[in-house]
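Notes follow once the structure below has been shown.
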Amino acid sequence: MYSSKTQMALEFVIIVALILVITLIFVATVYLETKSVNSKRLFLGLQDLGESVQSEILLAATSKSGYSRSFTLPSEVADTSYNISIQSNQLILTSGEYEVSFSIPSVVGGINKGSNRIANRGGVVYLN
């Protein structure tokens with residue numbers, strides 16, 4: 001049979017192992033939840049930024065000739081780098097696993113992070 005000291009040591013090791021497993025499960029759960037929240041924050045940030053740029057372009061397209069305005073795009077969305085481009089009347093924002101696109105009228109030029117200038121000249125929308 002086990003001696004009393006051996007049994008106590010074995011029980012102690014089992015309890016410590018159980019506490020470590022519970023702690024590991026807790027940390028993993030918190031990590032996954034944080035990752036999920038950050039992922040949602042990134043997606044919503046891309047959508048908000050895309051809608052804002054789409055609104056700028058639509059406003060310029062529906063304004064009279066001579067309309068001109070500057071606007072600034074952030075270098076990151078939700079603390080994450082992103083790409084923004086215009087292709088075939090689509091405004092496209094990408095970052096990591098996400099890609100969001102918005103329909104826009106025809107635009108001459110491209111869009112950049114940082115300062116952008118948009119103008120309507122003779123019914124044509126120019127960017128930068």
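The values are calculated or read from the model by the stated rules, or taken from the named source; none is laboratory data. Values in this document were obtained by computation on a predicted structure and should not be read as measured data. Using ideal geometry, Cβ is built from the backbone for each residue, glycine included, and neighbour counts are taken over all protein chains shown.
Observations
- Residues that are closer than 20 Å to residue 48 by Cα and touching a Phe, Trp or Tyr at 6+ places or on another chain (Cβ under 7 Å) do not occur anywhere in region 102-112.
- Hey, residue 42 in a helix (DSSP H, G or I), at pLDDT 95 or above and under 14 Å from residue 96 (Cβ atoms) or not: yes
- Selection within region 69-128 - part of a strand (DSSP E or B) and out of contact with any strand residue (DSSP E or B) (no Cβ under 8 Å at 6 or more places or on another chain): 76, 87, 98, 121
- Tally of residues being basic (Lys, Arg) and either in contact with a Gly (Cβ under 7 Å, 6 or more places away or on another chain) or more than 14 Å from residue 57 (Cα to Cα) (or both) across region 77-128: 1
- Residue in region 16-38 that is in contact with a strand residue (DSSP E or B) (Cβ under 7 Å, 6 or more places away or on another chain), touching a residue at least 12 places away in the same chain (Cβ under 8 Å), farther than 30 Å from residue 121 by Cα and part of a helix (DSSP H, G or I) present: no
- Answer from 128, 89 - the residue that is at pLDDT below 95, out of contact with any Phe, Trp or Tyr (no Cβ under 7 Å at 6 or more places or on another chain) and under 19 Å from residue 55 (Cβ atoms): 128
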